[in-house]
Structure formats: C-alpha cells, structure tokens
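I have placed the structure first, in the form of structure tokens, so that the comments after it can refer back to it.
The values are calculated or read from the model by the stated rules, or taken from the named source; none is laboratory data. Since we're looking at a predicted model, the values are computed, not measured. Methodologically, a virtual Cβ is constructed for each residue, glycine included, from the backbone with ideal geometry; neighbour enumeration extends over all protein chains shown. Each accessible area value is taken on the protein alone, full model and side chains, heavy atoms only, with ligands, DNA and RNA left out. Shrake-Rupley method; radii C 1.70, N 1.55, O 1.52, S 1.80 Å.
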Amino acid sequence: MNRSSRYGHWEPMLRRLLIIIALLLVPALAEGRGIEPKLVAEGPASPGGQVELAIYMRPATGWHGYWVNPGDAGLPMKLQWQLPKGFTVDPLRYPVPTRLEIAGLMNYVFEKDYALLARLHVPADARGTIPIRADARWLACTDKVCVPEQGQLSLDLPAGNGTPDRAQFDAWRQALPQPIPTVGHFESAGDKLRVAIPLPASVVVDRPYLFPLTDGPIDYDAKQGFRRSGDTLIAELHRKADVPGQFSGVIALGNGRGLQFSAVPGPVPQGTPLDGLGWNAVVFAVLAAIAGGILLNLMPCVFPILALKALHISRAGGEAREARSDALAYTAGTIVGTGALGGLLLAIRAAGAEAGWAFQLQDPRTIMLLLLLAVAITANLLGLFELPVLGAAARPAGSFGTGALAAFVATPCAGPFLGAALGTALLLPLAGSVLVFAALGLGLALPFIAIAFIPALRSRLPKPGPWMRRLQRFLAIPMAASAFAALWLLGRLAGQEALLIGVAISMGVLFAGYEAGRLQRRNKRGAWGGAVAAIALAVAGIWLMPSHASPTQQLAGAETWSEARVAAYVQQSHPVFVYFTADWCLSCKVNEATSIDRDEVRDAFRKAGVKVLAADWTKGDPAITRFLEGQGRAGVPLYLWYAPGKPVEQLPQVLTPAMLIDRARAR
C-alpha cells in the first residue's frame, strides 16, 4: 500500500487542524472584543419561582460567534456559574444558527446579535439583592482571525415581584427552535445516516437544513438530501463515524425558524426526494393540473365564460379559421393568467413568506375585485350592457382577455381538484413549478380547444337563434351565485362594514352598467362614461377595503386562548378545555382528528357548557411559550382541563373521546 493511500484519509482533518491553529495564532488587531456579552434578566427573582436569564451577545461588524455545536471549527460558550445557595440554573438554550463556510470548513454561527437563554430557579427564602455571577469563555472569529475571549458576567438581581421585560425576551424566545414532541428514528445505510423526523405533510418545507446537536457522526460540509414520506421528513446525511444510541438536531425551516428533534435507532421509510421530485412527480403534477383545469370549467364562476365562448363560435357559423384563432388566443390568456398567479406565488414564497395557492383570497381587496367582476359579468349575461371582453364578436384580443379573466375567477375553486398537484408544484424546481401552473391554464382551455379544432364537435353546435339569448340569461344564475358567494366571503373575512361596502359598490356598478347599456342600445356615444364610472367605483371599493382579514375561529369552534379568557370563564363557573397545538406537531393533529374535533365530543361539551380554547404555537407565540415554560413543558401538545372549584388538571398527551366526554358529564 502506497503512502498516499495509507494516509490520504487524514489529509482533510490535518488541513482543518492547521487552519484552526493558524487562525488562533493570528493576533487580534481590532480594538476591544469581537463579541461583547451582557447578562440580563427578564424581571425580578420571584421567591419560589423562576426567572429567565439571557446572555446577550453583540458581535462587532465582521465577527461571529458559535452555536452549541460549532461545526467543523469553533467553540461554543463555556460557563461556570457562581450562584448563592439554593439557586440553580438550567442549561443554555441557543437560537437557530446560520451556516458559514470558510476554507472548506462548515461552521454553525451567529453573525448578528443573539441571546443565549437559561432559566434560573429561585428558592422560596430568597430575599434582598441576589448576586448572579458567571465566568464565561467564548470564541469570536472573522473570516481571517479567531480570538478566544473571556470575562466575568455579573448581575445583581432583586428578589420580589416587578414588571418583567416581556417584549425583548419574547423576541429572543421566538428565535429558539421549537421542540417536536414525537421521537424520530435513524438508521445507517452504507456511508449515509438516514434520519426520519416526524413532521406533518401539511407543513411546507422548501429548503431545509439539519443542524446536528449530536457531534461527530456526520460530515458537516457534505451535501444534505431530504425526502418526504407522508407525515415524515427524511434527512440523508453523509456519515463519517458510528452513531450513538440517540441522534438529535434542529431542522431549519427558514426565516430563523427551526424545530428541535430527537431520534433513536429504528426503520426509516424511503420517501420521495424533496429536492427535485423526479420526472414521475412532474408528469403526475402536470396531468393532474390539466385534469383539474378541465373540471374547473364546471364550476359556477367559470362555466358561464366557457359557454359564452361556445356561443361566439356558434354566432360565427362554425367557421374553422376564426374558431381556431379565437381558441388559441383564449388558451394563451388562460396559460398566461395561471402562470402569472403561479409566478407571483413563487416570488412571495422565495421572499420568505408562507403562502399557498389562492393566497390572494386571504386579502379582502381581492375578494372585492372578484365580487365586482362577478356582478359585471352577471349584468352582462342579463343584457344590461355588453362587456367588451365578453362581447358578441369573437376577436383574438377579446378572447385573450376572457382567458385571463377565466383563470383569475377560477382561483377560488381550484383547491378541491388541485390540492396534490399544486402542492407538488411548490416543491419542484422553478421550471417544473411553472410547467404545472401553465398546465392548469391549458386544462382550463381544453374544452374550447376541442370545440374549435374538432369539426365533429363544432358541427354539433346549434344554429344561432332565440335560444342563445335564453341560454345567456340562464348562465346569469350560476354567475350571480358566484357573486353572492364572494359577498358572503367578504363579510366573513373583513366583517359587516366590508359587507356593506361590497353591497353599495355592487349596486353602483350595476347602475353604471345599466346607463352604459342604455346608451349602447341607442347607439349613442358616451357608453364609455358608464364604464369609467364603474371602474372608478371599483377602485374606490377596493381602496376602502381593509388590507388584512379579520381573525377566524380555531378548530372545532374554539376560541383563541389567553390566560385572561380562561380566568374569566372559570370565574363564571364554566368548565374550560384548553389545547395547545402547532401545525408541525403530528401528535397534536392526531389528537385533534381522533378525539377533539368529533361530533360526540362537541355535543357533550355543548350540553355541559364547556368552553374550548385553542393555543396555536405554530409561529412560536411568545405568550404561549411563557405559559408552557411555567407549566414545566418544553413544547406541545399540552391539554388542560379547568373544572370550577378544582385545581387545573393536565391531561395525558394521548387523548381519547371518552376521556373528554367523561369530564364534561362529571360537572
């Protein structure tokens, strides 16, 4: 065996060691420290209680500190607490880090201000001012120099009650990873470590990264792969050493959010690749989008538009060239329409926001626009006026606009038919995503293409006659139903004031359309004045709409949790059931589906007057975080039962319907 083959596997390790030594030997030329620490407390030390401490770290420009597992190089903070007798402090809790690669070394770092949290337990006999001291050592680095720094952190903490600094500490708590309550599994497969992390399929994961808390088993600089299998996220990591009996880490989801998990040896499913789902997934998503687009033509908001286009062909006498030109323009409009909506959705998600298909329908202003479009189309179908885009003549420009309009008004109906296809589109690379959204537009236009390009179908269209006007009036019914649905949704989203604005503006648009139609029928100029008035009214109505929807109720008709609301209901002698949940908590969702959101449970709660409150911790609500910590819980699920005159009862993490029904009946 030659020298290079015998010692080649040591070369990367030796190279990294030499780089670290070189960095440590370079003198720090900067004035002061690279990172300035400060020990602060959330509030006074309540005797017999707890108080949150934070080591607030402020890196200078160009400097960074290290996570609890620093990666290939670096050191985490080391503390030696000096506390009075009876005081104890929990281990440090780190926020979600970021990655920094220097000279082939993968580092897990903090390049901006960050805080390490620790909970201080206060004895019942605490009095006066408590001296809190800690000898701290940490490593501060730039891309060229590393400096071991140290200092004593000190804080004189008063005992007693007082006003805590909630806002600052809430922001720091939100930066912490949230714990996943369900234990995952891992297995070794050749040079790979495969980790199965329980994460509901409803949680969209675009560009995850696994920060390992367990140091040693994996190559930090190697590429990570991810797969999906139902409610499980599978991470595939490059293994470089044997794995101990437990493996833990943090899955970063973007925007500083992360979920902490723990895994034990066990089976790991194969799953479908998350990064590039493969051609099978692309083909499935495209075919499903085309099929869904075809079905969308049967929806009340789209069917009248398709029928009108068929009437245009009938009016043209079935002339093939004109029909095909019209069909191609309509198809271009639907593809551009769905593609534009899909592109906007991808851009919003790329900017870091959480959004899904029909995201625009969460904005009351968009609902207002849909309402006015439905009202205008209904008035057109009833003969009040002729809408140029849906007019009698089949022109390519008008057909393109009709296709784009059909794509826009079809958005609310897409969910039932396209959930799987559009969900897959969001996980595909950019080209695949755009292809799926374009396929939706193609499916929406296919029936019209079939009529235009298949002579046998076109020849079956009836000849023009009085029946066409009767059909047009009939088509006004489903479009009017769509308008009423938009009006109802507007009231649900934005309240009674928005509903009244919607009604008033709709009446104004109808009157403007009537006046325009009256001038059209007399062949007089000025019909465009009515169109201008309708557009002005629409702009005014959209401008008057609130930009954000009102909050909606939680699962099972529950109210939003707050400690004050619980106290008020208990004081009124109501039994109260509180469930703490999160979208990414699999066991939470199982309990909600099998035990909470059930008819027999709701009926028992209604008869006993039980108030149900939901605490949604999906985005790390600071108030919920504080409450969970006060209950001695690191995460969700948490189920509490408040019976009048009795201590609060903490229910098991696995619920049954009988467990809830029995407590309701025991009142």
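Using Cβ point charges alone (K and R +1, D and E -1), the dipole size of the stretch 46-109 about the Cα centre works out to roughly 160 debye. Per-residue 3J(HN,Hα) values for the stretch 70-76, derived from phi via the Karplus relation 6.51 cos²θ - 1.76 cosθ + 1.60 with θ = phi - 60°, read x, x, 5, 9, x, 9, x Hz in sequence order (x marks Gly and Pro).
Amide H contacts under 5 Å for TYR66: PHE110, LEU139, restricted to partners 5 or more places along the chain or on a different chain, H placed in the peptide plane at 1.01 Å from N. First check a/c for the stretch 87-131, with a ≥ b ≥ c the square roots of the eigenvalues of its C-alpha gyration tensor; if it is under 1.5, answer rounded, and if not, answer prolate when a/b is larger than b/c or oblate otherwise. Cα axes put the stretch 87-131 in the prolate bin. Of the trypsin sites (Lys or Arg not before Pro) found in the stretch 119-158, the ones in coil according to DSSP and having at most 16 other Cβ atoms within 10 Å of their Cβ are ARG127, LYS144.
The phi-based Karplus calculation (6.51 cos²θ - 1.76 cosθ + 1.60; θ = phi - 60°) puts the 3J(HN,Hα) values of the stretch 532-545 at 4, 5, 5, 5, 4, 4, 4, 4, 5, x, 5, 5, 6, 6 Hz, whole numbers, x for Gly and Pro.
Taken as Cα centroids, the stretch 619-667 and the stretch 209-282 sit 32 Å apart, rounded to the nearest whole angstrom. The residue among PHE87, TYR108, THR142 whose Cα reaches farthest toward the positive pole of the charge dipole of the stretch 83-144, with charges on the beta-carbon of Lys, Arg, Asp and Glu, is PHE87.
Note on VAL654 and LEU92: with the Förster distance fixed at 22 Å, the Cβ-Cβ geometry gives a FRET efficiency of about 0.10.
Ligands, DNA and RNA are left out, and with a 1.4 angstrom probe the accessible area of the stretch 125-221 is 45 Å² per residue.
Given the Cα-Cα distance of GLU101 and LEU298 and 0.36 nm per residue of separation, how much length would full extension add, in nm?
65.6 nm
Sparse packing (at most 14 other Cβ atoms within 10 Å of the Cβ) combined with a DSSP loop state is found for the following GluC sites (Glu not before Pro) in the stretch 48-139: GLU111. Here the gap between GLU559 and VAL264, fully extended at 0.36 nm per residue and compared with their Cα-Cα distance, gives a gain of 102.5 nm.
Taking amide H as placed 1.01 Å from N in the peptide plane, PHE226 has its amide H under 5 Å from the amide H of GLU236, LEU274, ASP275, each at least 5 places away in sequence or on another chain.
Between ARG469 and ALA431, the FRET efficiency estimated from the beta carbon spacing at R0 = 45 angstrom works out to 0.45. Between rounded, prolate and oblate, where does the stretch 567-667 land on the alpha carbon gyration tensor, with a ≥ b ≥ c its root eigenvalues, rounded for a/c under 1.5, else prolate if a/b exceeds b/c? Oblate, because a/c is 1.5 or more while a/b does not exceed b/c. Can you work out the FRET efficiency for the pair LEU544 and LYS85, with r the C-beta to C-beta distance and R0 = 56 Å, to the nearest 0.05? That pair, LEU544 with LYS85, gives E of 0.30.
Quick one: dipole size for the stretch 55-193, taken about the Cα centre, charges +1 on Lys/Arg Cβ and -1 on Asp/Glu Cβ, in debye to the nearest 20.
The calculation lands at about 320 debye.
Please compute the length gained on full extension between ALA504 and GLU386, using 0.36 nm multiplied by the number of residues separating them and subtracting their Cα-Cα distance. Stretched out fully, the ALA504 to GLU386 stretch lengthens by 40.3 nm.
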